[in-house]
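The values are calculated or read from the model by the stated rules, or taken from the named source; none is laboratory data. Everything quoted here is computed from the prediction, not taken from an experiment. Here Cβ is always computed from backbone atoms with ideal geometry, including for glycine, and neighbour counts include all displayed protein chains. In case anyone asks, the SASA skips ligands and DNA or RNA and just uses the protein heavy atoms, side chains included. Shrake-Rupley method; radii C 1.70, N 1.55, O 1.52, S 1.80 Å.
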Amino acid sequence: MPRIDKLLDKVTKRIRVLVVDDHAVVRDGIRAVLALQKDMQVVGEAVNGKDALEKTIALLPDVVLMDIVMPEMNGLEATREICKRCPQAKVLMLTQYDDVENVKASSQAGALGFIPKTVVSSQLLKGIRSVNEGKRFISTVTQ
């Protein structure tokens, strides 16, 4: 079986994901969920927007899973810079601040998607796959 898995990895295009959140437990949880997916691979983690920008340039992820509120450089500022400097990377916002204003600000910054942290993991996976394909994805938002 391990040999078959290795062969599948070579022929299956995996979505390369950079996880950006200032809380280690959140990054760990996301990494655990994505590790169960055959079509996804976490290529790195960042703890703030500045770190996210540097790692996006260095690691060239397909999808950047971005928190909004972080120290040093927030997720909206980082998203603007990533979209300018690395247009191949698609940004999906994942945040506890799921109001309409943040959805709009995220879209204006260049994010293709927005997901509240309260969603189930299946919505997160659907969001990653959608933005990877260049599609907009907005999960249910409370008002």
> So, with +1 on the Cβ of K and R and -1 on the Cβ of D and E, and no other charges, what is the size of the charge dipole of the range 49-122 about its Cα centre, to the nearest 20 debye?
Replying inline: 240 debye
>> Using Cα-Cα distances under 8 Å and only pairs 6 or more residues apart, what relative contact order does the chain have, in percent?
In response: 19 percent
> Which one of Ser130, Gln108, Leu94 is farthest out on the positive end of the charge dipole of the chain, using unit charges on Cβ (Lys, Arg +1; Asp, Glu -1) and the Cα centre as origin?
Replying inline: Ser130
>> If I fit a long axis through the Cα atoms of helix 100-109 and take the longest principal axis of the Cα atoms of the chain, what angle between them do I get, 0 to 90°, rounded to 10?
In response: 70 degrees
> In degrees from 0 to 90, rounded to the nearest 10, what is the angle of the helix 75-85 Cα long axis to the longest principal axis of the chain?
Replying inline: 60 degrees
> Roughly what angle does helix 121-132 make with the longest principal axis of the chain, taking Cα atoms, 0 to 90 degrees, to the nearest 10?
Replying inline: 90 degrees
> Which of Asp51, Asp62, Asp21 moves most in a GNM of the chain, Cα contacts under 10 Å?
Replying inline: Asp51
>> So I have (1) 28, 15, 13; (2) 23, 20, 15; (3) 24, 16, 14, and one of them is semi-axes √(5λ) of the Cα gyration tensor in Å calculated from this model. Which one is it?
In response: (3)
> Among Leu124, Leu65, Leu36, which one shows the biggest mean-square fluctuation in a GNM of the chain, springs joining Cα atoms closer than 10 Å?
Replying inline: Leu36
>> Using a probe radius of 1.4 Å on heavy atoms only, what accessible surface per residue do you get for the range 54-134? Whole Å² is fine.
In response: 46 Å²
> Computed FRET efficiency, Cβ-Cβ of Leu36 and Gln108, R0 30 Å: what is it to the nearest 0.05?
Replying inline: 0.35
> If Ser122, Ser130 are ordered by their accessible area, calculated over protein heavy atoms with a 1.4 Å probe, which sequence runs from highest to lowest?
Replying inline: Ser122, Ser130
> Taking the chain as a Gaussian network, Cα atoms linked when under 10 Å apart, which of Leu18, Leu76, Leu60 shows the biggest mean-square fluctuation?
Replying inline: Leu60
> Based on the Cβ-Cβ distance of Glu101 and Arg136, what FRET efficiency does E = 1/(1 + (r/R0)^6) give at R0 = 22 Å, to the nearest 0.05?
Replying inline: 0.80
>> Exposed loop sites here are trypsin sites (Lys or Arg not before Pro) in DSSP loop states with at most 16 other C-beta atoms within 10 Å. What is the longest stretch of the chain lacking them?
In response: 39-116
>> Quick query: amide H of Met40 versus all other amide H atoms, modeled in the peptide plane; which residues come in under 5 Å with a sequence gap of 5 or more or a different chain?
In response: Ile15
>> Ignoring ligands, DNA and RNA, please state the percent of accessible area on the chain from carbon and sulfur, probe 1.4 Å.
In response: 56 percent
